[in-house]
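Novice: Below is the structure I would like to discuss, written out as structure tokens.
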Amino acid sequence: MNKRIVIVGGGVGGTMLANQLVGKLYPEILRGAVSITLLSNCPDHFYKPAFMYVAFNQFFEEELKRPERSLLRPEIAFQVEEVTAFDFVGQHLKTRSGKRFDYDFLVIATGCVPAPERIEGLKEAGDHFYQYQPARQLAQRLSTIEKGRIFITVSFPHTPNVPHQCGIAPVETTLMLDDFLRRRGVREQVEIIYTYPTVAQLMRNCLFLQRPTGDVLPAVFAQKNIHHQRGFTLSRVDADAKIAYSAEGDAQPFDILMATPPIRAVDAVLESGVSQAANNEGWLPTNHETLQVYGLEHVYVIGDTVDLPVSKAGGACHNQAPVIANNIAAEIRLGAPNTVYDGRVQAVAQMGLNAGMPLWYDYTHDVLPTPPTRLGGLLRNGFNRGLYWAVARGLL
Ligand SMILES: Cc1cc2nc3c(=O)[nH]c(=O)nc-3n(C[C@H](O)[C@H](O)[C@H](O)COP(=O)(O)OP(=O)(O)OC[C@H]3O[C@@H](n4cnc5c(N)ncnc54)[C@H](O)[C@@H]3O)c2cc1C
């Protein structure tokens, strides 16, 4: 009987995985024993990391998206459909247009969404770069500020040991901000304050979610006259007075509040009832090794929707996709999954507008920071402008 694999979400996780599954299961697909369907609520695919460059006027919307169909191998059936309900017992999905899709294997790849409205006043008075329009608004503010105070905050999920999206992004954008204001000739008149909450994943009173990187940051910031403050957990913003309040009892004025906002899973996942994550955040209970969803048969999860202690990053999806592809193929061919994810994540961090720092880590090893270089910057630029699309196509 034909095995129907349905993937929900046409971001980097779902796209990469769909393409890799075709390669892995090509003989079965050719003889009609396996079909792969990808459902996404958007016809386009966004290179999300480019949103942070949008904030510094380096990318426009037209440069950071491609039609999803153009990234997929022809054997994949792609449909623009928003999934509204999962029936894990009946093994089918419902979509907003009223269609029903039955599956034998399901992969949830719906990512996460910023939720600034979860902190009083943040949506009204804060800025962020985790979506296109907010990043454009931030670009407008950063391009016109002449003097004042830019206050940077980072909010973590309440679910224990789950990080915010792209762990290094607040550091990257702080360093890019410094370069950007220097290029504009206003850096001397603008104070930059980088802050971090008291509890950051498993760390306390630090400046980054892993110790080796957190330890080098004060020296990096000091070179650039960036101030830093530990123990600032954003709890409320007074939009009129432009003051950010912390759970620790501090109050800080700002001209621009550049925030990493709270995040959550998408509505369909929240409403599926499977997650027991704190604060209704919706992260799916994920088997650290096989990437199956605990308690569900033949259901996997990839990318930002997991409750794993690894970065919510494309560089995590890159290592999770082959594990899931292998495990689904093994379930079909051998009857059980046989491949283990080791928590590996890799990326090239953008350290200022020109420099880059390659990084990698896994469940048992932290990132070992190295000096940012222009060569690293070239590598990152190459990834931004071309390599990413090859990765999404499953070619790299
Ligand atoms: C500013 C910024 C900087 C970043 N920098 C980096 C970086 O330098 N390196 C790195 O590795 N990662 C980085 N990331 C993180 C990276 O972009 C994400 O981790 C990655 O996109 C997650 O992939 P995903 O497939 O899980 O989710 P997404 O890419 O978000 O894709 C989710 C997909 O699901 C679809 N969808 C949602 N709900 C439904 C539904 N109900 N029905 C159907 N479809 C649905 C969406 O339309 C989307 O296509 C950054 C992210 C941001 C925002």
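The values are calculated or read from the model by the stated rules, or taken from the named source; none is laboratory data. Note that the structure is predicted; figures quoted are calculated from it, not measured. In this analysis, Cβ positions are derived from the backbone assuming ideal geometry, glycine residues included, and neighbour counts consider all displayed protein chains. With ligands, DNA and RNA removed, areas are computed over all heavy atoms of the protein, side chains included. Shrake-Rupley method; radii C 1.70, N 1.55, O 1.52, S 1.80 Å.
Novice: Explain nothing, just the number: relative contact order of the chain, from Cα pairs under 8 Å at least 6 residues apart, as a whole percent.
Specialist: Details: 869 pairs, mean separation 72.7, N = 396.
Result for the chain is 18 percent.
Novice: So, one more: Share of the chain's accessible area from carbon and sulfur, percent, 1.4 Å? Walk me through the numbers on the way to the answer.
Specialist: Working: 8560 of 16450 Å².
Accessible surface attributable to carbon and sulfur in the chain totals 52 percent.
Novice: Here's another thing I want to ask about it. Can you compute the charge dipole magnitude of region 114-262 about its Cα centre, using +1 on each Lys and Arg Cβ and -1 on each Asp and Glu Cβ, nothing else charged? Give it in debye, rounded to the nearest 20. Could you put the intermediate results ahead of the total?
Specialist: Numbers: 16 positive and 16 negative charges, 61 e Å.
Once rounded to the nearest 20, the dipole reads 300 debye.
Novice: Which listed residue (L181, L207, T144) has the Cα farthest towards the positive end of the charge dipole for region 114-262, taking +1 on Lys and Arg C-beta and -1 on Asp and Glu C-beta about the Cα centre?
Specialist: L181
Novice: Which percent, to the nearest 5, of DSSP beta bridges fully inside the chain are antiparallel? Present the calculation step by step, with values, prior to reporting the outcome.
Specialist: Numbers: 31 of 66 bridges.
Within the chain, antiparallel bridges account for around 45 percent of the total.
Novice: Would you mind checking the radius of gyration and Dmax of region 114-262 based on alpha-carbon positions, in Å?
Specialist: In order Rg, Dmax, the Cα atoms of region 114-262 give 14.3, 42 Å.
Novice: Which one of Q131, G231, A219 is farthest out on the positive end of the charge dipole of region 114-262, using unit charges on Cβ (Lys, Arg +1; Asp, Glu -1) and the Cα centre as origin?
Specialist: A219
Novice: Let me ask something additional. Which helices of the chain meet both criteria: a Cα extent of 15 Å or more along the helical axis and a mean Kyte-Doolittle score no lower than 0.0, with helices taken as whole DSSP H segments?
Specialist: Numbers: long enough: 12-24 (18 Å, 0.53); 132-144 (18 Å, -0.98); 169-184 (22 Å, -0.31); 211-223 (20 Å, 0.22); 314-334 (29 Å, 0.26).
What comes out of the filter, once short or polar helices are dropped, is 12-24, 211-223, 314-334.
Novice: Moving on to the next point. Where Rh is the Kirkwood radius over the Cα pairs of region 160-200, the temperature 4 °C and the viscosity 1.567 mPa s, what D in µm²/s does Stokes-Einstein return? If you can, show how the numbers build up before the last one.
Specialist: Values: Rh = 11.9 Å.
Reported coefficient: 108 µm²/s.
Novice: For the chain, give the magnitude of the charge dipole about the Cα centre (Cβ charges: +1 Lys/Arg, -1 Asp/Glu; no others), in debye to the nearest 20.
Specialist: Details: 37 positive and 39 negative charges, 186 e Å.
The dipole of the chain has a size of about 900 debye.
Novice: For a label point 7 Å from the Cα of L395 along Cα→C-beta, name the residues of region 33-73 whose backbone N is under 18 Å from it.
Specialist: 45-47, 64-73
Novice: Based on alpha-carbon positions alone, could you give the equivalent ellipsoid semi-axes of region 196-264 from the gyration tensor, as √(5λ), descending, whole Å? Numbers along the way, then the final one.
Specialist: Details: eigenvalues 99, 50, 21 Å².
That gives 22, 16, 10 Å for the three semi-axes.
Novice: Could I get the Rg over Rh figure for the chain? Both from C-alpha atoms, Rh via Kirkwood, rounded to two places. Let's see the in-between values first.
Specialist: On the way: Rg = 21.2 Å, Rh = 21.7 Å.
That ratio equals 0.98.
Novice: Could you give the nm distance between label points at K99 and A278, where each point is 7 Å from its Cα heading toward the beta carbon?
Specialist: 4.0 nm
Novice: Spelling out what I want: for every residue of region 83-90, take phi, set θ = phi - 60°, compute 6.51 cos²θ - 1.76 cosθ + 1.60 (Karplus), and round to whole Hz; glycine and proline get x.
Specialist: These are the phi-based 3J(HN,Hα) values: 6, 10, 8, 10, 10, 6, 7, x Hz.
Novice: Percent antiparallel among DSSP beta bridges with both residues in region 114-262, to the nearest 5?
Specialist: Working: 9 of 25 bridges.
Here the antiparallel bridges make up roughly 35 percent for region 114-262.
Novice: A follow-up question, please. Under 19 Å from a point placed 7 Å out from the Cα of R211 along the Cα-to-Cβ direction: which residues of region 358-393 have their backbone N that close?
Specialist: 360-370
Novice: Would you calculate, for the chain, the mean residue ellipticity at 222 nm contributed by helices, counting each DSSP H stretch of 4 or more residues as -39,500 (n - 2.57) and dividing by all residues, to the nearest 500?
Specialist: Details: 12 runs with 112 residues, N = 396.
When only DSSP H runs of four or more count, the value is -8000 deg cm²/dmol.
Novice: Straight-line reach from K242: which lysines fall under 27 Å, measuring Cα to Cα and dropping same-chain residues less than 8 apart?
Specialist: K123, K147, K224
Novice: Can you tell me which aspartates and glutamates have their Cα less than 15 Å from the Cα of K99? Leave out same-chain residues fewer than eight positions away.
Specialist: E81, E82, D87
Novice: Could I ask something else about it? With a 1.4 Å probe and all protein chains left in place, how much accessible area per residue does the chain have, in Å²?
Specialist: On the way: 16450 Å² over 396 residues.
Per residue, the chain has an accessible area of 42 Å².
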